[in-house]
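To start, the structure under review is shown below, and the notes come after it.
The values are calculated or read from the model by the stated rules, or taken from the named source; none is laboratory data. A quick note: this is a predicted structure, and the numbers were derived from the prediction, not measured. Cβ: placed from backbone, ideal geometry, glycine included. Neighbour counts: every protein chain shown.
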């Protein structure tokens, strides 16, 4: 699991069956001080996060497991909204 900040969203004109209704978020990975910590990621939203929200996201195989259908072609999924982040 990694932390990030939602910096926007993406609109797709066509999505794979099973992803309808899931928003695609643009997430900037951050460290414990909210400093950028990697490249921007496009993640499927499973928790209703909005722009500016601090979130937890997972990548790889676990990203698909966080969705109702674990066979969807997803590389990153937002799985939690953080209230506090850091020490």
| Filtered residues of region 16-34 (kept if more than 15 Å from residue 1 (Cβ to Cβ) and touching a residue at least 40 places away in the same chain (Cβ under 8 Å)) | 16, 18, 19, 22, 25, 33, 34
| query | For residue 82, all conditions in the list (1) surrounded by 16 or more Cβ atoms within 10 Å (Cβ to Cβ); (2) at pLDDT below 95; (3) touching a strand residue (DSSP E or B) at 6+ places or on another chain (Cβ under 6 Å) hold save one; what is the number of the exception? | reply | (1)
| query | Which pairs have Cβ atoms under 7 Å, sit 6 or more apart or on different chains, and link a residue in region 66-87 that is on the phi > 0 side of the Ramachandran plot to one that is part of a loop (DSSP other than H, G, I, E, B) and modelled with pLDDT under 90? | reply | 86/32; 86/33
| remark: Going through region 48-68 in order, the residues found to be in a loop (DSSP other than H, G, I, E, B), over 17 Å from residue 12 (Cβ atoms) and over 9 Å from the mean Cα position of the chain (by Cα) are 48, 50, 51, 52, 53, 60, 66, 68
| query | Are there any pairs, at least 6 apart or on different chains, whose C-beta atoms fall under 7 Å, with the first in region 35-62 and within 10 Å of residue 4 (Cα to Cα) and the second assigned to a loop (DSSP other than H, G, I, E, B) and at pLDDT 95 or above, and if so, which? | reply | 55/49
| Could you say whether any residue in region 42-55 is within 18 Å of residue 16 (Cβ to Cβ) and surrounded by fewer than 18 Cβ atoms within 10 Å (Cβ to Cβ)? | yes
